[in-house]
Amino acid sequence: MTQPAQLAPYESDGLTAFRVHPGGVVLVQDASEVVTVVRLCHEHGVPFVARGSGTSLSGGSLPVAGGLVIALNRMNRVLDYQPRSQTIVVEPGVVNQQVSRHVAQDGLYYAPDPSSGPVCTIGGNVAFNSGGAHCLKYGMTANHVLGIKAVFPDGELVELGGRSHETAGADLAGMFVGSEGLFGIALEIVLRLLPLPERFHTVLAAYDSLEKAGDAVASVVASGLLPGAMEIMDKLAIEASEQAVHAGYPTGAAAALIVELEGPEEEVAAEIPRLDAIMQASGAYELRVAKSAADRMNIWKGRKGAFSAVGRLSPDYIVQDGVVPRSRLGEALAEVQRLSARYGLRVANVFHAGDGNLHPLILYDGRIEGQLHQAELLAGEILRMCIRLGGSITGEHGVGVEKLEFLPEMYGEAEMELMNRVRQTIDPQELANRGKLLLSASDVGKQSHAPHPLESAGVISRA
């Protein structure tokens, strides 16, 4: 496709502040077509970007100016399923939640559960090492990918890992996961499945301060319990979620904490009294335990819908993604509140509290001159805070174009050189997803905190 109206839906992903006009979009049907297109791109020096549903929140699937978008949504087949070995082989266009639906009849499921699970694709999850609410206990996408068949940027077909649950040698599949498309395109992905938990115990606690909620998380972790998930939402996020999905959250609360135990019946039964004692002593002014599967799903409906619901509070917002050590969670939240007041911009906080993964949603109005710039400056301060506290600039959203300038602040010169050498070895022409995760060789040294380095170069433009 090359017509402007056909290309328009591909100009941006979930980071709508930036747009790039692609040279064309190819709707591939199977692996052989992907390989053919990639080899032609290599032969003619045409940059390309693989794209699924476009839910990336860091500009990771933003097109390369003048290059091709290789759209993978039609590659949505389950290629093999082995319930006895608890593995499934899927194409990259398979939607995350479809995997669990496909295997549920055998008492299995796929653990990574990003909030965009109903629409995001496994290929995109692999590219960004997606997590979700239950990554605390079960890990990220990388922990559930056993093998990958991929095409490198020069058109070479490779098989990384395999179908065995145990691997020997270098974890090449693990290296591919989270590479944000710089190493090529995954054509087939072997996923590890897990048995469905026998029992859930879901608690919703309301607090009059974010600090108390953060301290409750620290208490749960210190007790030795390992819940399936621990999530916190602040007052703004609760307000937005209630307007959207009416989950019955305590709207007067400064923070709501969701803690969920899951696993074998005997294990959960033994853990419930310990968790209940901790929650009773945590300073919560309201505790609600899900009495049924419907109650549990309603609680999670509110949390899963929080990102999109914030659109009811503001015409525009930036979804940030950083990590701090759990022991410094309260300190980080207090700093976010201070920065919010300093910049005069509201910040709604939704985060995976169990592993310190913050998701501050910075509210702004793009119609007001300078507000987007102020929101980006605030986002940058939050990322630098995460680095300063010993954390990371990204937990699951990836670097994309949004955080390009911050990666060298997190890593030293030797580490950055190593990353670039690996990238250059696999793709010396920088054809695969050029301009994401790592600055191109020609852009090194051009980092600038405002405007974005790729915007200065004319590669990307403001929406």
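Data for the structure
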quantity	calculated
Subset of segment 369-416 [among the acidic types (Asp, Glu) and under 22 Å from residue 332 (Cβ atoms)]	376, 381, 396, 402, 405, 409
Count of segment 235-255 residues which are outside any loop (DSSP other than H, G, I, E, B) and out of contact with any Leu (no Cβ under 6 Å at 6 or more places or on another chain)	10
Hey, residue 17 out of contact with any His (no Cβ under 6 Å at 6 or more places or on another chain), of a type in the set (A, V, I, L, M, F, W, C) and either under 30 Å from residue 365 (Cα atoms) or open to solvent by less than 20 Å² (accessible area, probe 1.4 Å) (or both) or not	yes
Residue in segment 195-211 that is out of contact with any Pro (no Cβ under 6 Å at 6 or more places or on another chain), under 26 Å from residue 78 (Cα atoms) and part of a loop (DSSP other than H, G, I, E, B) present	yes
When residues of segment 21-55 are limited to those that are closer than 30 Å to residue 367 by Cβ and in contact with a strand residue (DSSP E or B) (Cβ under 7 Å, 6 or more places away or on another chain), the one most open to solvent (accessible area, probe 1.4 Å)	53
Hey, residue 196 open to solvent by 40 Å² or more (accessible area, probe 1.4 Å) and touching a strand residue (DSSP E or B) at 6+ places or on another chain (Cβ under 6 Å) or not	yes
Pair list, Cβ under 9 Å, 6 or more apart: segment 154-174 residue over 27 Å from residue 36 (Cα atoms) and without any contact (Cβ under 8 Å) to a residue 40 or more places away in the chain, other residue open to solvent by 90 Å² or more (accessible area, probe 1.4 Å) and assigned to a loop (DSSP other than H, G, I, E, B)	none
Any chance residue 368 is without any contact (Cβ under 8 Å) to a residue 24 or more places away in the chain, open to solvent by 10 Å² or more (accessible area, probe 1.4 Å), in contact with a helix residue (DSSP H, G or I) (Cβ under 7 Å, 6 or more places away or on another chain) and not charged (D, E, K, R)	no
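To keep it simple, each residue is scored yes or no on (1) farther than 30 Å from residue 155 by Cα; (2) out of contact with any helix residue (DSSP H, G or I) (no Cβ under 8 Å at 6 or more places or on another chain); (3) surrounded by fewer than 16 Cβ atoms within 10 Å (Cβ to Cβ); (4) at pLDDT 95 or above.
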| residue | (1), (2), (3), (4) |
| --- | --- |
| 372 | yes, yes, no, no |
| 389 | yes, no, no, yes |
| 396 | no, no, no, no |
| 404 | no, no, no, no |
| 414 | no, yes, yes, yes |
| 423 | no, yes, no, yes |
| 427 | no, yes, no, yes |
| 433 | no, yes, no, yes |
| 457 | no, no, yes, no |
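The values are calculated or read from the model by the stated rules, or taken from the named source; none is laboratory data. In this text the structure is predicted, and so the values were computed from the model without any measurement. Cβ atoms come from the backbone with ideal geometry, glycine included; neighbour counts cover every protein chain shown. Each accessible area value is taken on the protein alone, full model and side chains, heavy atoms only, with ligands, DNA and RNA left out. Shrake-Rupley method; radii C 1.70, N 1.55, O 1.52, S 1.80 Å.
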